[in-house]
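Enquirer: Sending over a structure as structure tokens; questions will come in a sec.
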């Protein structure tokens, strides 16, 4: 649902005054305001944003609004939320910060700066119990200079992640078997940015009990192997493809971790785009699992798997499968059981090639015509190598677009009526806005309207879900990161 914020447009005089203001301060405050508004529409966050701006402009005391910077305590400091343990002989750093749920946390270069000249071999950072967390690029740069880096964010509220820059010591890191791992639990993440996991021998990512807006294309960049990629008990907007900048994710040996190589479990996703997850693995047997989930749109090759991998796709509901949505050619077992497929393009599962260790049972497929369920005329989205697997059919006339006779007359009539109503509604809204609000300007691009008011853009309202808080252990066992 789009939320339109009622703002008046600037007069010519006001616009001139706006341009005369110092650009450095205007940009900084504007970026902060936009970040807050895009993150959440809650009135409380808007109030906190205005208080923050007042603090910056008027230098007033803001005790009620707790914006804090994550820093390591200096000798004599007390009451700080972070504890820092620097093991000088081993050159390892462990930072644990626990906040009070009403604090907005900035993680910038101050957190790592006391240790950048100590040639760290590993750094583990944990942040928990915050209202919001902004992990900024200066911190990401210093953190990525450590050969083995791990970050956990537990119950972080709204988590904003900057795209990390290239580490300045990239050449020096080549002598190490480097690692980066991130775990985010019970948080709201507007986006996983491009190059979020980058320039490592191995990487790992676990998302649990979160709301994630977008996994952006190229979020995994220049990573040789993935230990695991886990998304569970979460709501996801879109997984763009390909997730790996190289186009392919190579899974590491199973002995290095306790999770499946790819695990998508109990998620609700609007879309997994074409070529989002393209996995390969050779050596011991790995696993790729999609289970107990609702995925509204699955693009061509959204899950592509090849090599020594066992593939399990079970107990899911797919609203729409595009052609060759799953492309599977593996040596391990293939299980495709108890799934519901509502709408599907011809050859939707042609890419899932069956062999002697394939199991296809109790799948439900929606069809448009009862004739598509009977005898020789029964349709199947599966590859011919799968023979005649067990399929339960549901007759849904709304799927007439896939019948041999083309779209039905009823569907055509309904489509024309829907288009007519959309045009009438759009015209009415445009007339009301332009006649009753003459000072507002609109640009119409397709079906989207973007209001040109002080350069702000309006975004859809985010879904708010109250997550049950669980006791969680770190995603890293014993030593938080790989030291070898």
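Bear in mind that the values in this text are calculations on the coordinates, not laboratory data. Keep in mind that this is a model prediction, so the values were computed, not measured. When we count neighbours, we look across all protein chains shown, and the Cβ atoms used for this are built from the backbone with ideal geometry, even at glycine.
Enquirer: If you take every DSSP beta bridge whose two residues both sit in segment 66-402, what share of them, in percent to the nearest 5, is antiparallel? Show your work: numbers first, answer last.
Expert: Working: 6 of 126 bridges.
If I count the DSSP bridges inside segment 66-402, around 5 percent turn out antiparallel.
Enquirer: Where does each of 152, 270 land when they are ranked from fewest to most other beta-carbon atoms within 10 angstrom?
Expert: On the way: 152 23, 270 16.
Ranked by crowding around the Cβ, least crowded first: 270, 152.
Enquirer: Would you order 207, 272 from fewest to most other beta-carbon atoms within 10 Å of each residue's own beta-carbon? Walk me through the numbers on the way to the answer.
Expert: On the way: 207 24, 272 28.
Fewest-to-most Cβ neighbours within 10 Å comes out as 207, 272.
Enquirer: Could you sort the peptides 332-341, 142-151 by per-residue average Cβ neighbour count (10 Å cutoff), highest mean leading? Don't skip to the answer; put the middle values down first.
Expert: Working: 332-341: 19.7, 142-151: 24.8.
Going from most to least packed, we get 142-151, 332-341.
Enquirer: Please compute the modelled spin-label separation between residue 117 and residue 364, points set 7 Å along Cα→Cβ, answer in nm with one decimal.
Expert: 6.6 nm
Enquirer: In addition: Label residue 373 and residue 306 with points 7 Å out from Cα along Cα→Cβ: what is the distance between them in nm?
Expert: 3.9 nm
Enquirer: Cα atoms only: what Rg and Dmax, in Å, come out for segment 66-402?
Expert: When restricted to Cα atoms, segment 66-402 yields Rg and Dmax of 22.5, 82 Å.
Enquirer: Enter the Cα centre distance for the pair segment 296-352 and segment 84-159, rounded to the nearest angstrom.
Expert: Cα centroid of segment 296-352 versus Cα centroid of segment 84-159: 38 Å apart.
Enquirer: Right, here's the next one. Can you tell me the order of 221-227, 100-106 when each peptide is scored by its average per-residue count of other Cβ atoms within 10 angstrom, highest first? Don't skip to the answer; put the middle values down first.
Expert: Working: 221-227: 19.7, 100-106: 17.0.
So the order, starting with the most tightly packed, is 221-227, 100-106.
Enquirer: Say each of residue 280 and residue 68 gets a label point 7 Å from the Cα, pointing the same way as Cα to Cβ; how far apart are those two points in nm?
Expert: Rounded to a tenth, the inter-label distance reads 4.7 nm.
Enquirer: Please arrange 281, 366, 134 by counting, for each residue, the other beta carbons lying within 10 Å of its beta carbon, fewest first. Mind showing how you got there, number by number?
Expert: Numbers: 281 27, 366 18, 134 22.
Fewest-to-most ranking of 281, 366, 134: 366, 134, 281.
Enquirer: Follow-up. Is any residue of segment 232-247 close enough, with backbone N under 19 Å, to a label point placed 7 angstrom from the Cα of residue 294 along the Cα-Cβ axis, and if so, which?
Expert: The answer is 232-239, whose backbone nitrogens lie closer than 19 Å to the label point.
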